[in-house]
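The values are calculated or read from the model by the stated rules, or taken from the named source; none is laboratory data. What you see is a predicted model; the values in this text were computed from it and never measured. Positions of Cβ are backbone-derived with ideal geometry, glycine not excepted, and every protein chain shown enters the neighbour counts.
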Amino acid sequence: MSKNKKILKVFSFFPVLFLIGIMILCRDFHWREIVIMLIGFILPFIFAFSYAFLTDHFTETLYMFEQNIITPVNHFKTNYTLHILLAILIVLTIIGSIKLVQQYDTRKVSSRKYYLVFLTIFVFSLVSFIIVPAVSQEMLVISIIPITFLISNLFVSIESRFWSKFLFAVLLLIVIFIQFSGYFIRG
């Protein structure tokens, strides 16, 4: 597959994701939402390439843009503390998903819509992890948005205060440990 097709493949995810989100959240779907979505998606690229064109760095910017998408990056292999956090988040996400599915019929319609939007964000971010070679741990920021919804719903819905506080404390301690682990663990 050529490099240009890979770049188009990467950027075809986001407008589809935005379109699905608009279709789920809006009652009436108008052409203005599509236009605003496209303008919001394209505007940063217009600014970047306009600046590159005005400063005579257009080809270098285009090359750098292409290399940032195509170059494989993997920071997960050596970051063992991140593996521990991801394992705990996966367990909490599975438990939170089961709890949310059990409560799905009792939730408000707006909560159900946001759940569908968050699920779509999560699925698209996982697909980009798999398909795009340049995606690394920065994509976790987008993936964690729906996970926070699930985990916070889990913490609220746990009847035992001890277990909710205990799980939250464990999660907090692991995040703090990850922040300072670079000083203790070299590798």
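Is there any pair linking a residue in region 28-55 that is on the phi < 0 side of the Ramachandran plot to one that is surrounded by 10 or more Cβ atoms within 10 Å (Cβ to Cβ) and polar (S, T, N, Q), with Cβ under 6 Å and at least six apart or on different chains, and which?
Here the result reads Ala52/Thr61, each pair linking region 28-55 to a residue that is surrounded by 10 or more Cβ atoms within 10 Å (Cβ to Cβ) and polar (S, T, N, Q).
Assuming Thr120 fulfils every condition listed in (1) within 28 Å of Glu66 (Cβ to Cβ); (2) without any contact (Cβ under 8 Å) to a residue 60 or more places away in the chain apart from one, which condition is it?
Every condition holds for Thr120 apart from (2).
State all residues of region 45-60 that are assigned to a helix (DSSP H, G or I) and surrounded by 11 or more Cβ atoms within 10 Å (Cβ to Cβ); if no residue qualifies, say none. Break it down stepwise before answering.
From region 45-60, those assigned to a helix (DSSP H, G or I) are 45-54, 58-60; that's our starting set.
Passing the criteria: Phe45, Ala48, Phe49, Ser50, Tyr51, Ala52, Phe53, Phe58, Glu60.
Report yes if some residue within region 124-132 is modelled with pLDDT under 80, in a loop (DSSP other than H, G, I, E, B), surrounded by fewer than 16 Cβ atoms within 10 Å (Cβ to Cβ) and on the phi < 0 side of the Ramachandran plot; otherwise report no.
Checking region 124-132: not a single residue is modelled with pLDDT under 80, in a loop (DSSP other than H, G, I, E, B), surrounded by fewer than 16 Cβ atoms within 10 Å (Cβ to Cβ) and on the phi < 0 side of the Ramachandran plot.
For region 93-109, does any single residue satisfy the condition of being assigned to a helix (DSSP H, G or I), under 18 Å from the mean Cα position of the chain (by Cα), charged (D, E, K, R) and surrounded by 15 or more Cβ atoms within 10 Å (Cβ to Cβ)? Quick ask: steps written out before the conclusion?
We begin by selecting, within region 93-109, every residue assigned to a helix (DSSP H, G or I); these are 93-106, 109.
Right, trim to under 18 Å from the mean Cα position of the chain (by Cα) and you get 93-94, 96-97.
Add one more test, that the residue is charged (D, E, K, R), and what stays is none.
No: zero hits.
Taking Ser152, is it without any contact (Cβ under 8 Å) to a residue 60 or more places away in the chain, under 16 Å from Leu171 (Cβ atoms) and not assigned by TED's automatic domain parsing to the domain that holds Phe47? Give the derivation first.
Numbers: without any contact (Cβ under 8 Å) to a residue 60 or more places away in the chain: yes; under 16 Å from Leu171 (Cβ atoms): yes; not assigned by TED's automatic domain parsing to the domain that holds Phe47: yes.
Considered against the rule, which asks whether it is without any contact (Cβ under 8 Å) to a residue 60 or more places away in the chain, under 16 Å from Leu171 (Cβ atoms) and not assigned by TED's automatic domain parsing to the domain that holds Phe47, Ser152 comes out as yes.
Can you pull out the residues in region 172-187 that are outside any loop (DSSP other than H, G, I, E, B), modelled with pLDDT under 85 and either within 26 Å of Val156 (Cβ to Cβ) or among the small types (Gly, Ala, Ser) (or both)? Steps first, please.
The initial filter retains those residues of region 172-187 that are outside any loop (DSSP other than H, G, I, E, B), namely 172-184.
Checking the rest, the ones that are also modelled with pLDDT under 85 come to 174-175, 177-184.
Ile174, Val175, Phe177, Ile178, Gln179, Ser181, Gly182 - these are the residues of region 172-187 that are outside any loop (DSSP other than H, G, I, E, B), modelled with pLDDT under 85 and either within 26 Å of Val156 (Cβ to Cβ) or among the small types (Gly, Ala, Ser) (or both).
Count, please, the residues in region 8-42 that happen to be small (Gly, Ala, Ser) and modelled with pLDDT under 75.
Step one: list which residues in region 8-42 are small (Gly, Ala, Ser), which gives 12, 21, 40.
Going one step further and asking which of them are modelled with pLDDT under 75, we end up with 12.
Looking only at that region, the number is 1.
When the residues of region 133-153 are narrowed to those that are touching a helix residue (DSSP H, G or I) at 6+ places or on another chain (Cβ under 7 Å) and not in a helix (DSSP H, G or I), which ends up surrounded by the fewest Cβ atoms within 10 Å (Cβ to Cβ)?
So, considering only residues that are touching a helix residue (DSSP H, G or I) at 6+ places or on another chain (Cβ under 7 Å) and not in a helix (DSSP H, G or I), the one surrounded by the fewest Cβ atoms within 10 Å (Cβ to Cβ) is Pro133.
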